[in-house]
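Okay, so here's the structure we're looking at.
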Amino acid sequence: MISDIFSTTVLLGILASGIRLATPYLYAGIGETFSQRSGVLNLGVEGQMLMGAFMSFYAVYVTGNLWWGLIVAMLVGGLMGLAMAFVTVDLHAKQGISGIGFYLFGLGASDLLFRTLIGSVETVSGFRPIAIPLLSQIPYIGPVFFNQNLLVYIAFLLVPTAWFVLNQTTFGLKVRAVGENPQAADSLGVSVRGVRYTTITMGGVFSGLAGASLSIALLNVFQQNLTSGLGFIAVALVYFGGWRPWGVMVGALLFSMVNSLQLWIQVLGIPIPSDIAVMMPYVLTIVALVVSMQRMRSPAALTKPFVREG
């Protein structure tokens, strides 16, 4: 029955799972925000997430240590980000094409490593929910907001941290200057190359964490093409959020809540074709992007390579 959706239990379930599902979008989206604010579009986020997801899963699968999984995910994502920086900043490759290349590399490499090192779908014991004392006891909202796993808490704390770094620090000022007018920033002594290398690598680290949040926290499993387009959605959420961390968070929650809703629709057996239910989040993303692009201005130097004069 459609009316079942409006019961308190189901609504709280949708909210709780929506918050969890927003985690990978937040990590990848915040990382991509830094990259794009410095003028670089990284479409390789999906590939970085896949490699982070597999390598973190494999590290936990072999060692049983979740922290090793996180470290490996950040290291792999950072190395892929560093490679992306070299290709786009030093070699001046087309950012869109090179990003797709890194995505295909991540897709193929994670698949190959999975079939070679594991071979079949296995599970690991991932991060468990942590109930925050007192807050988790608040009726209704306590279990929803304050009984999540560690990576969920970190992802949401990352939003105000990223806002502060971008808007209240010298590094953030340099990032915004390089993304708007790299020639002027260079004339003032700002290393455009250094800033872009830093932000792209940082984006890779966060994308690796996004992948880890899937394989060792949300799902505790790895399978071929685990991300299924989440990285591309994260890139789209940066546009939706107007290149602002708070906007990215709103977009991530909107998308994840609709995704959670379609999952509950299938669980409850509500007579809506499953294909339509699965399409709902993606249709919403397209509509939201069309609306947001009418009112937002992208960084002026986005996708434009910087060549130092003289």
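The values are calculated or read from the model by the stated rules, or taken from the named source; none is laboratory data. Keep in mind that what you see is a predicted model, and the values were worked out from it rather than measured. Cβ sites come from the backbone with ideal geometry, for glycine too, and all protein chains shown count toward neighbours.
So which of Ser110, Ser98 is in a helix (DSSP H, G or I), surrounded by 14 or more Cβ atoms within 10 Å (Cβ to Cβ), touching a Phe, Trp or Tyr at 6+ places or on another chain (Cβ under 7 Å) and of a type in the set (Ser, Thr, Tyr)?
Details: Ser98 fails: touching a Phe, Trp or Tyr at 6+ places or on another chain (Cβ under 7 Å).
Residue meeting the stated conditions: Ser110.
From the residues in segment 196-246 that are crowded, with 24+ Cβ neighbours inside 10 Å, in contact with a Ser or Thr (Cβ under 8 Å, 6 or more places away or on another chain) and of a type in the set (Val, Ile, Thr), which one is nearest to Ser298 (Cα to Cα)?
Val238
Determine whether segment 170-178 contains at least one residue that is free of Cβ contacts under 8 Å to residues at least 40 places away in the same chain, among the aliphatic types (A, V, I, L, M) and either closer than 19 Å to Phe34 by Cβ or surrounded by 21 or more Cβ atoms within 10 Å (Cβ to Cβ) (or both).
So in segment 170-178, the residues free of Cβ contacts under 8 Å to residues at least 40 places away in the same chain come out as 170-174, 177.
Those left that are additionally among the aliphatic types (A, V, I, L, M): 173, 177.
Those left that are additionally either closer than 19 Å to Phe34 by Cβ or surrounded by 21 or more Cβ atoms within 10 Å (Cβ to Cβ) (or both): 173, 177.
Looking for residues that are free of Cβ contacts under 8 Å to residues at least 40 places away in the same chain, among the aliphatic types (A, V, I, L, M) and either closer than 19 Å to Phe34 by Cβ or surrounded by 21 or more Cβ atoms within 10 Å (Cβ to Cβ) (or both), one finds at least one in segment 170-178, hence yes.
Results for (1) surrounded by fewer than 24 Cβ atoms within 10 Å (Cβ to Cβ); (2) hydrophobic (A, V, I, L, M, F, W, C), shown as yes or no for each residue.
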{"residue": "Tyr27", "(1), (2)": "no, no"}
{"residue": "Phe34", "(1), (2)": "no, yes"}
{"residue": "Ala53", "(1), (2)": "no, yes"}
{"residue": "Thr63", "(1), (2)": "yes, no"}
{"residue": "Trp68", "(1), (2)": "yes, yes"}
{"residue": "Gly77", "(1), (2)": "no, no"}
{"residue": "Leu104", "(1), (2)": "yes, yes"}
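How many residues are surrounded by 11 or more Cβ atoms within 10 Å (Cβ to Cβ), outside any strand (DSSP E or B) and touching a strand residue (DSSP E or B) at 6+ places or on another chain (Cβ under 8 Å) when one looks only at segment 118-127?
Filtering segment 118-127 down to residues surrounded by 11 or more Cβ atoms within 10 Å (Cβ to Cβ) leaves 118, 122-124, 126-127.
Imposing the further condition that a residue be outside any strand (DSSP E or B) reduces the set to 118, 122, 124, 126-127.
Still in the list and also touching a strand residue (DSSP E or B) at 6+ places or on another chain (Cβ under 8 Å): 122, 124, 126-127.
The total comes to 4.
Pick from Val40, Val76: which is out of contact with any Pro (no Cβ under 8 Å at 6 or more places or on another chain) and either assigned to a helix (DSSP H, G or I) or of a type outside the set (A, V, I, L, M, F, W, C) (or both)?
Working: Val40 fails: either assigned to a helix (DSSP H, G or I) or of a type outside the set (A, V, I, L, M, F, W, C) (or both).
That would be Val76, the only listed residue that is out of contact with any Pro (no Cβ under 8 Å at 6 or more places or on another chain) and either assigned to a helix (DSSP H, G or I) or of a type outside the set (A, V, I, L, M, F, W, C) (or both).
Cβ-Cβ distance below 7 Å, separation of 6 or more or different chains: which pairs start in segment 141-169 with a residue that is small (Gly, Ala, Ser) and end on one that is surrounded by fewer than 16 Cβ atoms within 10 Å (Cβ to Cβ)?
Gly142/Leu135
Looking at this structure, is Leu289 closer than 15 Å to Glu32 by Cβ and at pLDDT below 85? Working first, answer last.
Values: closer than 15 Å to Glu32 by Cβ: yes; at pLDDT below 85: yes.
Criteria met by Leu289.
Checking the conditions here, which among Gly172, Gly179, Gly203 is touching an Asp or Glu at 6+ places or on another chain (Cβ under 6 Å), modelled with pLDDT of 95 or more and closer than 28 Å to Leu254 by Cβ? Write out each step before concluding.
Values: Gly172 fails: touching an Asp or Glu at 6+ places or on another chain (Cβ under 6 Å); Gly179 fails: touching an Asp or Glu at 6+ places or on another chain (Cβ under 6 Å).
Just one listed residue meets the conditions, Gly203.
Going by the conditions given, is Tyr103 over 17 Å from the mean Cα position of the chain (by Cα) and among the hydroxyl-bearing types (Ser, Thr, Tyr)? Break it down stepwise before answering.
On the way: over 17 Å from the mean Cα position of the chain (by Cα): no; among the hydroxyl-bearing types (Ser, Thr, Tyr): yes.
Judged against the criteria, Tyr103 is not a match.
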